[in-house]
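Below: the structure, in structure tokens.
The values are calculated or read from the model by the stated rules, or taken from the named source; none is laboratory data. All figures in this text were calculated on a predicted structure; none of them were measured in a lab. Note: ideal-geometry Cβ built from the backbone for every residue, glycine included; neighbour counts use all protein chains shown.
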Amino acid sequence: MSPDGAIYGAVTAVLIGLLLGLERQRSHDTKDELFAGIRTFPLLSLAGFLAAHSQRPWLLPLVMACVGALVVISYARTSGRQLGATSEVVALLAPILGSVVAAGEPMLAAASGVVIAVLLNLKAPLHRLAGGITDGELLAILKFAVVAVVLVPLLPARAMGPWGAVVPRQVGIVVVILCAVSLGGYLLVRLLGNHAGWALAGLLGGLVSSTATTLSFSGKARAVPGLEGALAVGVLLASTILYARGLLLFLFFDRELALHLLPRVLALFALSVAVAAWQYRGQGRGPETEAVALGNPVELGRALLLAVLFAGVLVAARAAQERLGSGGLLLTGLVGGLVDVDSVTVAATQVHRQGAASKEAAAGAYLLATLSNLAMKGGIVSVVGGGALARRVLPGFGAVAALTVALVALA
């Protein structure tokens with residue numbers, strides 16, 4: 001490492017320690033309970049950096065041993081007055097982060113420091129969350145982890161079923177998405193309350209799959225009456241993110257087509273945001289989190305049923321393609337949007353770049369894909385979510401669909 005690099009690394013290590021020390025200093029009411037604060041943590045991270053930078057293999061273990069001895073002495077001295085050992089654990093991490101900087105990974109160390117500080121600052125909300133989770137909910141979360149990490153990777157990745165429309169691993173991924181959306185919504189609701197929690201869950205779910213989010217939220221609306229207003233906002237926001245994600249894909253694959261679509265997509269995005277804001281203002285107070293029995297946060301059984309429904313849509317879409325033929329890019333967009341708008345987006349950019357379709361046809365295919373996807377989500381809301389959710393979501397969907405039809409005509 002050059003002298004300039006060493007100075008930069010030392011400053012980075014000190015700043016990481018300052019961040020940790022500042023959080024620890026502010027989190028304690030009295031100085032008597034404080035093991036290390038805003039001065040000690042920068043020294044610890046700097047010690048780790050210098051020990052690793054010296055390239056003496058014995059020095060960093062010696063520093064860690066000394067810090068560990070201080071931690072043990074501090075814990076023995078304060079364990080009678082306070083039960084936690086968070087500050088002591090962070091003190092052990094500080095020199096490790098400094099050594100990571102010396103190893104040439106300053107961004108990794110800085111990101112880790114920020115994550116640690118955020119987790120420390122979220123002590124009260126995380127304690128409330130942990131205290132509110134029941135044994136049954138914890139078991140459901142563990143089942144979700146087994147499905148996501150163990151079972152889904154074992155599913156076949158080859159096409160199966162009629163017309164080869166179903167890929168079991170993809171269906172398994174849909175199950176994971178559905179469970180993750182439910183779990184994310186549950187955690188956000190526990191932390192932020194029903195209204196902000198489900199809205200943020202819709203935004204996050206829309207980044208992955210607006211259809212999966214709609215399926216998950218519709219099932220929740222049927223299972224927990226009274227949440228329809230908050231869940232409707234989440235569904236509308238998930239569909240809003242669909243346009244932002246599509247525009248990013250166009251910018252990445254075909255900037256000419258992206259510029260052609262930009263005003264149209266921005267118009268759809270703005271209208272979607274407007275209807276979501278209108279629904280958010282009109283949802284009313286509704287039940288608070290503590291008054292609602294949210295039940296199983298993962299809902300594995302319902303997610304499996306919805307995954308079967310999703311597989312059925314895959315087969316139906318492939319059957320439509322087989323029977324009607326490939327009658328142009330517009331038909332592909334209309335049918336493909338029932339399953340995956342992103343795949344239609346990428347396909348439209350490819351045929352346009354190859355000169356096989358005009359930018360108007362490629363743009364029309366994408367808009368039709370969003371229209372058919374919107375229609376399918378409207379059906380999901382009506383059938384799975386019930387009338388109370390449909391009355392809140394369908395007017396907004398209808399307004400966006402009408403604008404989409406007008407834009408297709410002008411594409």
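Of the numbered conditions (1) touching a Leu at 6+ places or on another chain (Cβ under 9 Å); (2) at pLDDT 90 or above; (3) among the aliphatic types (A, V, I, L, M); (4) crowded, with 16+ Cβ neighbours inside 10 Å, L46 fails exactly one; give the number of that condition.
So the condition that L46 fails would be (1).
When you look at S99, is it closer than 17 Å to Y8 by Cα, among the polar types (S, T, N, Q) and surrounded by 15 or more Cβ atoms within 10 Å (Cβ to Cβ), yes or no?
Yes, satisfied.
Here's a check for you: in the stretch 127-150, which residue that is within 19 Å of the chain's Cα centre (by Cα) and in contact (Cβ under 8 Å) with a residue 60 or more places away in the chain is farthest from L19 (Cα to Cα)?
V147
For the condition modelled with pLDDT under 75, outside any helix (DSSP H, G or I) and among the β-branched types (V, I, T), what is the one hit in V339, V308?
V339
How many residues does the stretch 228-245 contain that are within 17 Å of L204 (Cβ to Cβ), in contact (Cβ under 8 Å) with a residue 40 or more places away in the chain and surrounded by 22 or more Cβ atoms within 10 Å (Cβ to Cβ)?
The qualifying residues number 10.
Specify which of the listed residues (L334, L374, L367) is under 15 Å from T404 (Cα atoms) and free of Cβ contacts under 8 Å to residues at least 60 places away in the same chain.
None of the others qualify; the one that does is L334.
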